[in-house]
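Please treat every number below as a calculation from the coordinates, not as lab data. Because the structure is predicted, anything quoted here is derived from the model rather than measured. Neighbour counts are summed over all protein chains in view; Cβ atoms, including those assigned to glycine, are modelled from backbone coordinates with ideal geometry.
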């Protein structure tokens, strides 16, 4: 990246930055790798974790619909058929996007610019910008899976409200005792807190927990990928415990094969149902006397998980097909502001996007019973002290 931009080449340089930034800003994890385009005409989800929606110019929200599978008992033998037909039923998902921007400053000429020229600071703005957007996207994906909407969708003009994942599985708790979902968020938080108290302090990931995930996914009708597998992210602290637990299940040869996998952090397959990946950016949930707060890893050295308080839980996710939906109306790109005879530069990397958990319902008449909450499970396990 040149230190000076003349009027003749500035546009070409910006276009070059935009292209490189879009490539580098993709998250280096399953949320960008396992994705597919969602089209309303198909009334179905692509085979992947993330549904990607491209809005038309000027569009910041759109309603998608999905065709619900038939259910109920068939008619048998000589039972009456006339008048027993059922209609096809559509469920809806309203998808949102909002602006996200970050500004970087620099100097093109003058004493300070000359003094620091050997550092080539302006040349580093572009890789810093793409890395920043990549990390923000990663945080947004995890926010959406745990609390329905990414934080940029909570502000105007989208102004959505966070809601905890409808399907929560606590380690060390029977399936019948898992927190019951409620459309009233305060009630649901109480149920979550009570479930955590009942689960107790001993809660390392192990083979029993993996078996429980499979059972809970089937009970909650979580739709697997086309290969019949669910994709699981395991928090790093819990990955240590899981590796120790499965020493006799996963031999060294499995790890050698896993190292060749396209995604970093691959831990292995389990029971032909789970593909498990270590998640270094997994959220932490703190419960302080029933007040539940989620903490996330942001961009750079911003890590709210360090300040998490209360009873702490590591949170992973089991992903079914189309667990996450990403919408965008403006791809990531750069804008430049120049002042003081072009001495001072402000570089702005920006995009119009949104991440949200995929929940289809009857828009305008949502309820706990009508919603299709079969896209993901939030996996709670009490945070443990790591022992060498």
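At-a-glance table
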item	result
Burial ordering of 240, 136, fewest other beta-carbon atoms within 10 Å first	240, 136
Sites residue 73 and residue 362 - FRET efficiency at Förster radius 25 Å, r taken between beta-carbons, to 0.05	0.60
Potential extension, residue 174-residue 159 segment - 0.36 nm per residue separation minus Cα distance	1.7 nm
Cα-based Kirkwood hydrodynamic radius, the range 148-208, one decimal, Å	13.3
Extension reserve of the residue 101-residue 82 stretch, reckoned as 0.36 nm per residue once the Cα distance is removed	0.9 nm
Residue-span extension gain [residue 244 to residue 289] - 0.36 nm each, minus C-alpha spacing	13.0 nm
For the range 168-324: span of alpha carbons on each principal axis (Å, largest first)	46, 39, 30
FRET efficiency estimate (nearest 0.05) - Cβ-Cβ, residue 340 to residue 182, R0 41 angstrom	0.15
